[in-house]
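Engineer: Let me begin by handing over the structure; questions about it come next.
The values are calculated or read from the model by the stated rules, or taken from the named source; none is laboratory data. It should be emphasised that the depicted structure is a prediction, and the values quoted were computed from it without experimental measurement. Accessible surface areas use protein heavy atoms only, side chains included; no ligands, DNA or RNA. Shrake-Rupley method; radii C 1.70, N 1.55, O 1.52, S 1.80 Å.
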Amino acid sequence: MTYLKRTCKRFWSSGTEQMVPFSKVVYIEHTDFRLKDSKDYYGLAPGKFVLLRYAFPIKCTEVILGDDKETVVELRAEYDPSKTVKPKGVLHWVAEPSPEVDPLKNPAEIDNWLGDINPHSKVVMPNAYAVPLLQNAAVGDKFQFERLGYFSVDKDSTSKKLVFNRTVTLRDSYAKVGK
């Protein structure tokens with residue numbers, strides 16, 4: 001197994017350098033692969049290079065389909081250890097579990113994972129105003145609140161008290177211009 005040194009900034013860490021395994025088997029999101037490529041698609045496709053974030057460019061060389069001849073069960077790829085190829089697409093990935101370094105399956109496996117949560121991540125705004133359309137929002141519904149981010153309706157919501165969880169913040173380009 002080859003080990004890569006990469007800088008990994010996670011929401012619970014201070015951006016420290018970590019050793020990450022790079023092995024013959026890596027896992028990517030199924031949405032990061034298509035059988036048919038297009039010029040506006042930056043994911044992996046047969047014959048196309050993408051960069052594995054903090055690692056190497058890879059090119060899909062073979063697609064192995066299931067018995068139904070439609071379901072992708074495995075991808076074969078080659079990597080460019082010299083990094084001479086500069087692909088546009090960048091994929092997140094996880095290396096195959098190994099006896100030395102297993103990927104985490106769930107945050108509860110981390111010692112004191114509650115201690116890693118940002119203490120300022122919960123902000124309650126009891127007197128916030130919203131458009132009337134939101135009064136019919138159901139648990140799991142998602143909305144974009146302009147200039148704030150994307151929110152999901154929380155399971156603790158009631159018809160008298162809506163609770164929204166921010167899932168993604170938006171970039172504040174106005175604040176940058178004002179500096």
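Engineer: Given K24/K86; K48/K122; K48/K69, which pairs have Cα atoms separated by over 31 Å? If you can, show how the numbers build up before the last one.
Structural biologist: On the way: K24/K86 21 Å; K48/K122 42 Å; K48/K69 21 Å.
As for pairs spanning more than 31 Å Cα to Cα, those are K48/K122.
Engineer: In whole Hz, what ³J(HN,Hα) sequence does the range 143-152 give by Karplus (6.51, -1.76, 1.60; θ = phi - 60°), x for Gly and Pro?
Structural biologist: 9, 9, 9, 3, 6, 10, x, 9, 10, 10
Engineer: How much accessible area does R166 have with a 1.4 Å probe, in Å² rounded to the nearest 10?
Structural biologist: 130
Engineer: Continuing with this model, one more query. Considering amide H positions built from the backbone, and no H for Pro or chain starts, which residues 5 or more places from D141, or on another chain, come under 5 Å of its amide H?
Structural biologist: Placed amide hydrogens put V153 under 5 Å from D141.
Engineer: Where does each of W93, W113 land when they are ordered by accessible area, with a 1.4 Å probe and the largest first?
Structural biologist: Details: W93 25, W113 100 Å².
These residues rank, largest area first, as W113, W93.
Engineer: Heads up, I need the accessible area for Y150: 1.4 angstrom probe, whole protein in place, Å², nearest 10.
Structural biologist: 100
Engineer: Which residues' amide hydrogens lie under 5 Å from the amide hydrogen of S157, considering only partners 5 or more residues apart or on another chain, with H built in the peptide plane?
Structural biologist: V163
Engineer: Pop out the ³J(HN,Hα) list for the range 41-49 in order, Karplus 6.51 cos²θ - 1.76 cosθ + 1.60 with θ = phi - 60°, rounded to Hz; leave Gly and Pro as x.
Structural biologist: For the range 41-49, the Karplus-derived couplings read 9, 9, x, 7, 8, x, x, 10, 8 Hz, x marking Gly and Pro.
Engineer: Let me ask another. Using amide H atoms built 1.01 Å from N in the peptide plane, name the residues 5+ places from F49, or on other chains, whose amide H lies under 5 Å from its own.
Structural biologist: Long-range HN contacts for F49: none found.
Engineer: Ignoring everything but the protein chains, give the 1.4 Å probe accessible area of T61 in square angstrom, nearest 10.
Structural biologist: 80
Engineer: Using θ = phi - 60° and the Karplus form 6.51 cos²θ - 1.76 cosθ + 1.60, what ³J(HN,Hα) does each residue of the range 120-129 get, whole Hz, x for Gly and Pro?
Structural biologist: 9, 7, 9, 10, 9, 10, x, 10, 6, 10
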